[in-house]
Amino acid sequence: MCPASSLPEQRPEKKDFILMAVSQPLLSLDWDPVAAEALLREVFGIVVDEVIWKGTSATEKVCEWKEPEELKQLLDLELQSQGESQEQILERCRAVIRYSVKTCHPRFFNQLFSGLDPHALAGRIVTESLNTSQYTYEIAPVFVLMEEEVLKKLRALVGWSSGDGVFCPGGSIANMYAMNLARYQRYPDCKQRGLQALPPLALFTTEECHYSIKKGAAFLGLGTDSVRVVKADERGKMIPEDLERQICLAKAEGAVPFLVSATSGTTVLGAFDPLEAVADVCQRHGLWLHVDAAWGGSALLSQTHRHLLDGIHRADSVAWNPHKLLAAGLQCSALLLRDTTNLLKHCHGSQASYLFQQDKFYDVALDTGDKVVQCGRRVDCLKLWLMWKAQGGQGLERRVDQAFALARYLVEEMKKREGFELVMEPEFVNVCFWFLPPSLRGEQKSLDYSERLAKVAPVLKERMVKEGSMMIGYQPHGTRGNFFRMIVANPALTQADMRFLLDELERLGQDL
Ligand SMILES: Cc1ncc(COP(=O)(O)O)c(C=O)c1O
């Protein structure tokens, strides 16, 4: 940070601002750049100390658990009519950080995102500071051009030399857009006439898909019954023969199949659907193929692992979240399209004349805001662009390869210890396993074994969160009782962190 003495001499004094405020009533009395700078330097200092240093240090806690009532008291949440001093505000910032979960911590394994990339964070800070909306070239010239360049790069990794796309507020919305586009392409009338323009529709996905597919079907008025569940094999991959069977069944029942949503990197098991075979089925039946690669899309950066998504170039749309495995920061979620007919704009556009004037002095095709159902839209491209500039594609590829390698290391370490049982050999960076506490070892044949095993993960989760030593997710899944889902995503992880996870579970569960 530059010292205050190096600031330009012509900087207005606080008293000048008070005078300006009096003589120019439209100037906000709140706006004092000197005080703003002092505040922001302090806040940034706190962020550097408390988030960037302590938040990423293995010797600090990953979370500071408080019961909700106590937390409410500690945070003093109620908003008052009187403003507070800068010191109080800084103390509030410290408290917010203290009681928040440190998702950048090397023991945060709970979600599909984790870690802190400094360049991506720099991009997020610049984005927040500029506070613009992505809808027109007029107010976001840099970001309109940048978004297109980033999307082009992501499309190229999918295997497309042309196409369209947009950054969305999350993978769930990207999935929903894909459904809406597939429906609109087949029944353009529904934009005006709504659901009455439609026959009963059917879309296909497996039980392993993300829950946003069913939510999207409900939100779009298709109804969750329109989602036909295709069988997955024991590894969680769609069975293409069953897809074909379900499509024929839906047709026989009078429904009109219109979309298949395959998943590349399922949320729990990390499974990749066989895209070539699924694309063959879609081609035979003339169906839109959407690939939800929100989680697994980043494997496309790796020469070694991109084969998991073989066939993705045959999709009509792809959802891909660089905020997950690439650690770009929330949110960074792209919807990519093979379409070159401006389908996004036709489907969602509304030509608001106050925003998208057609007689502007520049190419109005650069006003991309009508591609989406939002009006204001966050800038989500800069964090990824800046990180990519700093890392290069090669750096990002290394990041992906390292995550795969560490997941493999963890699996091998687990196999050396008696208290761990894999749900299955992972093919991605989701490592699903049961921890068997001492009392359950060798008890596999007892009648209540599964029931007792299912109770282990919730107890250990409570203990780790209350101690603040680590965070890892668990869930029941199909007929399987609760098991842990370890996610290896934080680029700062090492083999020592993998061993810590195992040691810590053994420590927390030694008395069970
Ligand atoms: C496979 C898959 N698709 C979509 C999503 C939803 O992404 P978002 O949380 O950005 O809405 C997730 C989230 O974990 C996911 O795992």
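The values are calculated or read from the model by the stated rules, or taken from the named source; none is laboratory data. Source: prediction; values computed, not measured. When we count neighbours, we look across all protein chains shown, and the Cβ atoms used for this are built from the backbone with ideal geometry, even at glycine. The protein model used for the area step is the full one, side chains on, heavy atoms only, and it has no ligands, DNA or RNA in it. Shrake-Rupley method; radii C 1.70, N 1.55, O 1.52, S 1.80 Å.
In this calculation the C-beta distance from Val47 to Leu195 is compared with R0 = 45 Å, giving a FRET efficiency of 0.40. Taking a ≥ b ≥ c as the square roots of the eigenvalues of the Cα gyration tensor, the range 98-245 is oblate, since a/c reaches 1.5 or more and a/b is not larger than b/c. The mean sequence separation of alpha-carbon pairs under 8 Å and at least six residues apart, normalised by the residue count of the chain, gives a relative contact order of 19 percent. With 0.36 nm allotted per residue and the present C-alpha distance subtracted, the Arg463-Glu78 stretch has 135.5 nm of extension available. In a shell of Cβ-Cβ distance under 11 Å around Asn321, excluding Asn321 itself, what net charge do Lys and Arg (+1) and Asp and Glu (-1) give? Every neighbour counted, the sum reads -1. The residues of the chain present an accessible area of 48 Å² per residue when probed at 1.4 Å with all protein chains retained.
Among Asp164, Asp359, the order of accessible area from largest down is Asp359, Asp164, computed with a 1.4 Å probe on protein heavy atoms. When the charge dipole of the chain is built from unit charges on Cβ atoms (+1 for Lys and Arg, -1 for Asp and Glu) and taken about the Cα centre, the candidate among Ile247, Pro199, Trp295 whose Cα reaches farthest toward its positive end is Ile247. For the range 395-433, GluC sites (Glu not before Pro) are listed when DSSP marks them as loop and at most 16 other Cβ atoms sit within 10 Å of their Cβ; the list is Glu418.
The gain in end-to-end length when the Gln88 to Val142 segment is fully stretched comes to 15.7 nm, 0.36 nm per residue minus the alpha carbon separation. Between the range 433-450 and the range 210-231, the C-alpha centres lie 37 angstrom from each other. Counted residue by residue at 0.36 nm each, then reduced by the alpha carbon distance between them, the extension gain from Val364 to Leu40 reaches 112.9 nm.
For Thr263, the amide hydrogen comes within under 5 Å of the amide hydrogens of Asp273, Asp292, counting only partners 5 or more places away or on other chains and with H modelled in the peptide plane. Per-residue accessible area (protein heavy atoms, 1.4 Å probe) orders Lys237, Lys214, Lys389 as Lys389, Lys214, Lys237, starting from the largest. For Ala328, the residues 5 or more places off, or on other chains, whose built amide H falls under 5 Å of its own are His323. Couplings for the range 156-165, taken from phi via the Karplus curve 6.51 cos²θ - 1.76 cosθ + 1.60 with θ = phi - 60°, read 4, 5, 6, x, 10, 8, 9, x, 9, x Hz in order; Gly and Pro are left as x. For the range 363-431 versus the range 77-103, the inter-centroid distance based on Cα atoms is 32 Å. In this Cβ point-charge picture (+1 for Lys and Arg, -1 for Asp and Glu), the range 181-256 has a dipole of about 380 debye about its Cα centre.
Taken about its Cα centre, the chain carries a charge dipole of about 840 debye when Lys and Arg each add +1 at the Cβ and Asp and Glu each add -1 at the Cβ. Restricting to bridges with both residues inside the range 181-302, how much of the DSSP beta-bridge set is antiparallel, in percent to the nearest 5? So the antiparallel bridges in the range 181-302 amount to around 15 percent. Could you tell me which of rounded, prolate or oblate describes the range 27-86, using a ≥ b ≥ c as the square roots of the eigenvalues of the alpha-carbon gyration tensor, with rounded for a/c under 1.5 and, failing that, prolate when a/b is larger than b/c and oblate otherwise? It is oblate, given that a/c is not under 1.5 and a/b is not larger than b/c.
Coupling constants for the range 363-373 follow from the phi torsions by the Karplus curve (6.51 cos²θ - 1.76 cosθ + 1.60, θ = phi - 60°), and in residue order they are 5, 6, 5, 6, 8, 8, x, 7, 6, 10, 7 Hz; glycine and proline get x. For the residues Lys345, Lys72, a 1.4 Å probe over the protein chains yields an accessible-area ranking, largest first, of Lys72, Lys345. Rg and Dmax of the chain, based on Cα coordinates, read 25.6, 85 Å. Using θ = phi - 60° in the Karplus curve 6.51 cos²θ - 1.76 cosθ + 1.60, the 3J(HN,Hα) couplings for the range 260-272 round to 10, 10, 8, 10, 10, x, 6, 4, 8, 8, x, 8, 10 Hz; x is entered for Gly and Pro.
Between Asp367 and Tyr137, the built amide H atoms are under 5 Å apart, and every one of these is 5 or more places off in sequence or on another chain.
Only beta bridges with both residues in the chain are counted; by DSSP, about 55 percent of them are antiparallel. The label-point distance for Arg98 and Ser129, in a model that sets each label 7 Å from Cα toward Cβ, rounds to 2.9 nm. Shown for the chain: the carbon plus sulfur share of the solvent-accessible area, taken with all protein chains present and a 1.4 angstrom probe, equals 55%. Solvent-accessible surface (1.4 Å probe) assigned to Met179 amounts to roughly 0 Å².
For the range 133-378, the mean projected area of the C-alpha convex hull, equal to one quarter of the hull surface, is 13.1 nm².
The range 477-512 and the range 290-319 have Cα centres lying 27 Å from one another. For the range 389-508, what class follows from the C-alpha gyration tensor (a ≥ b ≥ c being the square roots of its eigenvalues): rounded when a/c is under 1.5, otherwise prolate if a/b is larger than b/c, else oblate? Here the range 389-508 falls in the prolate category.
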